[in-house]
Amino acid sequence: QIWNAGEYESHGRFISDLGAPLIDLLKPRPGESVLDLACGDGALTERLAASGARVVGVDNAPDFVAAATARGIDARLMDAHALDLPERFDGIFTNAALHWMHDPDAVVAGVHRHARTGARFVGEFGGFGNVAAIVTAVIAVLDRRGIDGAARHPWYNPTTEEFAALLAKHGFDAEDIALIPRPTPLPTGIAQWIRMFCGLFFSGLDDDARADAVREVEDLLRPSLCDRNGTWYADYVRLRFRAVAVAA
Ligand code: BEZ
């Protein structure tokens, strides 16, 4: 997945906007230190910092780190699977990122290494059943081309039980954890969403073949994800959690 801050601004801004209520769940306080894990272009990091907390953002996409830095954020280029910062934090925040992590075990272990005892770990990402209709349609369209789309499924979408067990394994008590269905209007439509986020499914297809495939996916999804006014929705299911770090 290649992240481009300009494209995200045009087509993905709703993702950070929808993550804003998580800040209330974290309740950052002046003087605290907060890590924004996979901070993207820093739109939410900026709001976290407005609480008076000292915020550090990390992201593995150079374009996002540059965009966050341009907002005045202390943003560092770092893979969440290999967190290595010289401090521990009072709060760790993450929005719409953990579903991209291929080794969540390594990520949560690293978060715990960077958490003070009693630190809050708060976040939201795609949980079990997230974008199920979209995934099913993409797999069906790839199947027509003799491609095993299921084998290319790039996202981590655990149940609450599975994620709570992962948190517990790495020293976090999950105080709050829930799956929240959230059909989400897509301001620039489903084809754009697929082009932006489903590149890994379509790798190896040339531009024309890709455009045909996206059109077919769109046709399959229209009856279930496009309303009578022509507004497209993504069938998001968020896994929202609040956990507290216990001593290692
Ligand atoms: C999500 O926010 O759930 C998501 C975004 C892009 C691709 C897959 C899931």
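Residue pairs whose Cβ atoms lie under 7 Å apart, separated by 6 or more positions or on different chains, with the first residue in the stretch 223-241 and surrounded by fewer than 17 Cβ atoms within 10 Å (Cβ to Cβ) and the second of a type outside the set (Phe, Trp, Tyr), are Ser224/Ala133; Thr231/Pro185.
Name the one entry in Ala50, Ala115, Ala109 that is free of Cβ contacts under 8 Å to residues at least 12 places away in the same chain and hydrophobic (A, V, I, L, M, F, W, C). That would be Ala50, the only listed residue that is free of Cβ contacts under 8 Å to residues at least 12 places away in the same chain and hydrophobic (A, V, I, L, M, F, W, C).
Residues that are touching a residue at least 60 places away in the same chain (Cβ under 8 Å) and within 23 Å of Cys226 (Cβ to Cβ) were ranked within the stretch 140-152; the one that is farthest from the ligand (Cβ to nearest atom) is Arg144. List the residue pairs whose Cβ atoms are under 6 Å apart, where the first residue sits in the stretch 1-29 and is assigned to a helix (DSSP H, G or I), the second is hydroxyl-bearing (Ser, Thr, Tyr), and the two are 6 or more positions apart or on different chains. Between residues of the stretch 1-29 that are assigned to a helix (DSSP H, G or I) and residues that are hydroxyl-bearing (Ser, Thr, Tyr), the close pairs are His11/Thr188.
Determine, yes or no, whether Arg182 is surrounded by fewer than 13 Cβ atoms within 10 Å (Cβ to Cβ) and basic (Lys, Arg).
Values: surrounded by fewer than 13 Cβ atoms within 10 Å (Cβ to Cβ): no; basic (Lys, Arg): yes.
In short, no.
Of the candidates Gly146, Gly118, Gly110, Gly129, the single residue that is of a type in the set (Gly, Ala, Ser) and crowded, with 20+ Cβ neighbours inside 10 Å is Gly110.
Scanning the stretch 124-139 for residues that are within 22 Å of Leu44 (Cα to Cα) and either more than 16 Å from the ligand (Cβ to nearest atom) or not in a loop (DSSP other than H, G, I, E, B) (or both) gives Glu124, Phe125, Gly126.
Cβ separations smaller than 8 Å between residues 6+ apart or across chains give the following pairs from the stretch 174-191 residues that are touching a residue at least 12 places away in the same chain (Cβ under 8 Å) to residues that are assigned to a strand (DSSP E or B) and β-branched (Val, Ile, Thr): Glu175/Val244; Leu179/Val237; Ile180/Val237; Pro181/Val237; Arg182/Val237.
Looking at Gly57, Gly19, which is the one that is crowded, with 20+ Cβ neighbours inside 10 Å, under 26 Å from Ala106 (Cα atoms) and modelled with pLDDT under 95?
Residue meeting the stated conditions: Gly19.
Within the stretch 24-55, being within 27 Å of Pro154 (Cα to Cα) and of a type in the set (A, V, I, L, M) holds for Leu35, Leu37, Ala38, Ala43, Leu44. Within the stretch 73-107, the residues that satisfy the criterion of being over 25 Å from Met196 (Cα atoms) and either surrounded by fewer than 19 Cβ atoms within 10 Å (Cβ to Cβ) or within 16 Å of the ligand (Cβ to nearest atom) (or both) are Asp74, Ala82, Asp84, Leu85, Pro86, Glu87, Arg88, Asp105, Ala106. Counting only helices (runs of 4 or more DSSP H) that fall entirely inside the stretch 153-241 and contain at least 1 residues that are within 12 Å of the ligand (Cβ to nearest atom) and closer than 30 Å to Gly110 by Cβ, the qualifying elements are 189-197.
The values are calculated or read from the model by the stated rules, or taken from the named source; none is laboratory data. These figures come from a predicted structure and were not determined experimentally. For neighbour counting, all protein chains shown are included, and Cβ atoms are generated from backbone atoms with ideal geometry for every residue, glycine included.
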